[in-house]
1. Considering only region 12-47, how many residues are within 11 Å of residue 106 (Cβ to Cβ) and β-branched (Val, Ile, Thr)?
2. Which one of these is surrounded by fewer than 14 Cβ atoms within 10 Å (Cβ to Cβ) and either in a loop (DSSP other than H, G, I, E, B) or at pLDDT 95 or above (or both): 322, 336?
3. Give me the residue from region 257-309 that is of a type in the set (Phe, Trp, Tyr) and within 13 Å of residue 327 (Cα to Cα) and, out of that set, modelled with the highest pLDDT.
4. Based on what the data block shows, is residue 470 in contact (Cβ under 8 Å) with a residue 60 or more places away in the chain, outside any loop (DSSP other than H, G, I, E, B) and open to solvent by 40 Å² or more (accessible area, probe 1.4 Å)?
5. Going through region 115-136 one residue at a time, which ones are within 13 Å of residue 87 (Cα to Cα) and touching a residue at least 40 places away in the same chain (Cβ under 8 Å)?
6. Suppose we filter region 407-433 for residues that are in contact with a Ser or Thr (Cβ under 9 Å, 6 or more places away or on another chain) and either more than 22 Å from residue 73 (Cα to Cα) or polar (S, T, N, Q) (or both); how many remain?
7. Of the conditions (1) touching a strand residue (DSSP E or B) at 6+ places or on another chain (Cβ under 9 Å); (2) open to solvent by 50 Å² or more (accessible area, probe 1.4 Å); (3) at positive phi, residue 195 fails just one. Which one is it?
8. So in region 516-533, with the set limited to residues that are over 15 Å from residue 471 (Cα atoms) and surrounded by fewer than 16 Cβ atoms within 10 Å (Cβ to Cβ), which one is modelled with the highest pLDDT?
Amino acid sequence: MDCGDTVTAEVCEEADMRDGELREATVAGHTVLLVRNGTEFSALGSRCPHHGAPLSRGILKGKRLRCPWHGACFNIKTGDIEEYPALDCLPCFKVTVVDGKVFVTAKMKDLESSRRVKDTSKRCLLNQDTVLLLGGGVAALVCAETLRQEGFTGRIIMATKEKHSPYDRSKLSKEMNLKAEDIYLRTPEFLHARGIELWTEREAVSVDFQRQKVRFKNGSSQKYNHLLIATGSHPNPLEVPGADLQNICLLQTPEDSSKILELATGKNLVIIGASFVGMEIAAFLSDKAAAISVVEKKEFPFQNVLGSQVGGVAMKMLQNKGVKFYMKTKLSELKGKDGKVTEAVLDSGKKIPADVVLAGIGASPSSAFLKGTSIARDSSGAILVDLLMQTNIPNVFAAGDVVSFPVALLNGKQSSIHHQQVAEAHGHIAALNMLKKQKELHTVPFFWTTMLGKSIRYAGCGEGYTDTVVKGSLEQLEFLIFYIRDGYVVAAASLNCDPMVSLIAEVLCSGKQISKEEAEACDITSIPWLTHT
């Protein structure tokens, strides 16, 4: 039946669908996701707005649906987003059951889109309250959007030292052939339409917390009623003789990504540090550079986070593509000719030809402009916040890579976690608490690394883990690995094993503990504690 731009279609028999089932159905040639929860049916967009994952393969817990790839969560009744990294909601369609048949009614324009942008309030010039956001990353972006979604009508200013609208930083090392505009999360026009002022190339140099005023590098200043510090982190530079030579690169901006791709194509690339960024760049450039060498102090890539087993898998994948690894060794010197780097010298005395050198040796909080102020920071410079994302100064919040916050999976210990999804959760919580909603952070960290067309997914917080349980096959690149601390699972990683990490994230989020014995006994195709989610 067709009524103008609205269509109604029968999608299934009520008796054919079991409780908890996720099923794709077709309405007017478009795929929708049908969900049965008890006696109720819901119909939603079928693809995650983040990266297009099929939500029919996701994890359903009560009224919450978690994406199988990157852990974003949606309310099945409203389509609203409940957990990041997706920024948008799902379109939601009307479901009716008549004589045992299930019908979906939808507007064509909603069927044609896999995303729904949440409604926002308008800027009211009579409201003089100003929220100033320092930083142009996802923490600041989500804070700004949440304020508008929650009814804030005052002024919102996002000031960033970069020249771009907020973009997907995770793609800088994964897809280096993209233009900055290709990875914008929101366009300047989108922000303008919601009354969010974007000040680009505006770097904060000092904050007067008493006068509630920020001064910028260009000499201007801005007063605020509430301040969010979300200035992120910056890559650590190399500190060896010759580090000032040309063609020694750090990756922080889209321009850096393009420059590294251009310099390394057909040349000898040496990557210092087997970090996630370093390994993703090695993978992307493996068929473009003449030679790639990786120098790392540890025995395996990203050993501190994912351990030797998963690190070993990644290393083998890259070795098969011709990447050479120099592990358990350090860079001692860089040598050059005519001001340009030509050689990397290791502490073993080994010399590696180097036309381009990339430093991937970690990052530090971008908080130097706060030196000498009363804001509480740790020894690394990270700003200390509580679960409301509040600092020790009234009306001042902080979020993202620049903060150290109480991590539930570390029993409340303060820690810095540099994941996109965590930064987004921080920005959301900061906005709610600026509006006096008294909402505490409750999220399970979730991230992924992509190399050579394969994604390793990770959820939880495995810091200090003492044991692992491996299911599946590391050799066949199909595995789930549990990280154990004090007899319980605190994190999990997988490759070609979706939606297992999303499932474990949901279990950890619910507060349920998975014992080492349960992990050892589980069959990754049929997990006993799945029914307890």
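The values are calculated or read from the model by the stated rules, or taken from the named source; none is laboratory data. No experiment lies behind these values; they were computed from the predicted model shown. Cβ: placed from backbone, ideal geometry, glycine included. Neighbour counts: every protein chain shown. In case anyone asks, the SASA skips ligands and DNA or RNA and just uses the protein heavy atoms, side chains included. Shrake-Rupley method; radii C 1.70, N 1.55, O 1.52, S 1.80 Å.
1. Qualifying residue count, region 12-47: 2.
2. Only one candidate qualifies: 322.
3. Going through the qualifying residues, I end up with 300.
4. yes
5. 115, 116
6. 5
7. (2)
8. Checking each candidate, the answer is 530.
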